[in-house]
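Coordinate-derived values only; no laboratory data. Keep in mind the model is a prediction, meaning the values are calculated, not measured. Cβ sites come from the backbone with ideal geometry, for glycine too, and all protein chains shown count toward neighbours.
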Amino acid sequence: MTRATYRFREFRLVPDAEPDAEPVSFTMQCAVCGRTAAPHTSRSVPRSWATRHLRRNPEHFTFREIVTRPYRFVPGAWL
């Protein structure tokens, strides 16, 4: 019979700032009809989409911003 020893390790979840991390992206979604802007790394592009959407649909006043931010686990101390 083989005997095994197990060790546990703590991990922290942090925003991924590594050079190869996915970029943070922003998009806007109309809360009335559900349409969304294309994701973009700049906040201003989706906000411009929301303004154009409002012009085309004068009754659509409510929007939500969706931010996609990459995270990763960082190993910590062994327990």
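Laid out as a table, the results:
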{"read-out": "Pairwise centroid distance, computed over Cα atoms, of the stretch 47-79 with the stretch 1-32, Å", "value": "19 Å"}
{"read-out": "Separation of the N57 and V45 label points, Cα + 7 Å toward Cβ, nm", "value": "2.1 nm"}
{"read-out": "Residues R69 and A4, FRET efficiency given R0 of 25 Å [Cβ-Cβ distance, rounded to 0.05]", "value": "0.10"}
{"read-out": "Ordering of 28-40, 50-62 by packing [mean C-beta count within 10 Å, highest first]", "value": "28-40, 50-62"}
{"read-out": "Proportion of all alpha-carbon pairs of the chain beyond 19 Å (%)", "value": "57 percent"}
